[in-house]
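J.: Below is the structure I would like to discuss, written out as structure tokens.
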């Protein structure tokens, strides 16, 4: 009888263990046990860490030698990181250093979360009043990112979602975010970057963009007249903090049927008044 009971207990324990869910090992455990590091990721992080320790930047040849990687591989990594704003080319055209976007990412999360929460009632108000989709965007290096949205049921475009990265030169949000930057700041921001071409209305040169931004400053709001997507228009205005620095842009977007040319001045004035009121809220936080 005792042997039978012992056997039953062992079988019961085996059944219970079989029913326990398999625990997925942590990333740290996998890396430690398997010593697995994807080569491309490892090289990219090594490159960033190397440049972080360099006061004056490094050339392509210096990076290849210090990282012991082929020139073609280093060139590909640098090209990709420069295009995304994580690296920038120095004024001599030969040396590379860390870009603005790394600093933006380090400080963005909490500040953007607070700004998104604060903006939610304002976006809902704009969307309800205009029957257009409203968004709030912030600057990330040489791009903008949408951090909040109140969608209109009439918006069939599907081109605005939270987390979307957007170009600065051909969107209303982007222009509002950079309109008050100096020429030197604009030169640095767009150094080594071509202005992407989307439609026949897209601004193609930095000189033309600077002239256009002067109009944005004079008007107090910016517009996107099918410059990013054919058939879509948008209006935006900057949001400033307590010292007058632009921290975000609020915008409304819709089809050319929803936003007709004669409506642009009125919508511009309306979004500008709303952005000023929101700026006062931001300044008191």
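Throughout, read-outs are computed from the coordinates displayed, never taken from laboratory work. What you are looking at is a predicted structure, and each value in this text was computed from that prediction instead of being measured. No Cβ is skipped: glycine too gets one built from the backbone with ideal geometry, and neighbour counts run over all protein chains shown.
J.: Distance from a point 7 Å along Cα→Cβ of residue 40 to each backbone N in segment 61-77: keep the residues under 20 Å and list them by number.
T.: Correct set: 64, 67-77.
J.: Further question on the same structure: What number, in percent, do you get for the relative contact order of segment 36-98 if the mean sequence gap of Cα pairs under 8 Å and at least 6 apart is divided by its residue count?
T.: That works out to 37 percent.
J.: What nm value, rounded to one decimal, do you get for the distance between residue 217 and residue 69 when each label is placed 7 Å out toward the C-beta?
T.: The two pseudo-label positions are separated by 4.0 nm.
J.: Another question about this same structure. Based on the Cα atoms of segment 58-176, what semi-axes does the equivalent ellipsoid have, where each is the square root of 5 times one gyration tensor eigenvalue, given in whole Å with the largest first?
T.: Computed over segment 58-176, the values are 38, 14, 11 Å.
J.: Oh, and also: What shape does segment 204-285 take by its C-alpha gyration tensor, where a ≥ b ≥ c are the square roots of the eigenvalues and a/c under 1.5 counts as rounded, a/b above b/c as prolate, and the rest as oblate?
T.: Since a/c reaches 1.5 but b/c is at least a/b, the shape of segment 204-285 is classed as oblate.
J.: Work out, step by step, the length gained on full extension between residue 84 and residue 100: first 0.36 nm times the residue separation, then minus their alpha carbon distance; give nm to one decimal. Each step should come with its number before you reach the end.
T.: On the way: separation 16, 0.36 × 16 = 5.76 nm, distance 1.01 nm.
Full-extension gain reported as 4.8 nm.
J.: Between residue 125 and residue 91, what length in nm is gained on full extension when 0.36 nm per residue of separation is reduced by their alpha carbon distance?
T.: Numbers: separation 34, 0.36 × 34 = 12.24 nm, distance 4.53 nm.
The residue 125-residue 91 span can extend by a further 7.7 nm.
J.: Which ordering of 42, 155 is given by a fewest-first count of other beta-carbon atoms within 10 Å?
T.: In increasing order of surrounding Cβ atoms, one gets 42, 155.
J.: For segment 107-284, what's the relative contact order in percent, using C-alpha pairs closer than 8 Å and at least 6 residues apart?
T.: About 22 percent, as a whole number.
J.: May I pose another question? With an 8 Å cut-off on Cα pairs and a minimum separation of 6 or more residues, tell me the relative contact order of segment 140-224 in percent.
T.: Dividing the mean separation by the residue count of segment 140-224 yields 30 percent.
J.: When the distances between all Cα atoms of segment 107-284 are binned every 10 Å from zero, what whole-number percent does each bin get?
T.: 10, 43, 37, 10, 0
J.: Also, I was wondering about something else. With a ≥ b ≥ c taken as the square roots of the eigenvalues of the C-alpha gyration tensor of segment 36-98, please select rounded if a/c is under 1.5 and otherwise prolate if a/b is larger than b/c or oblate if it is not?
T.: Prolate shape, in that a/c is at least 1.5 and a/b is the bigger ratio.
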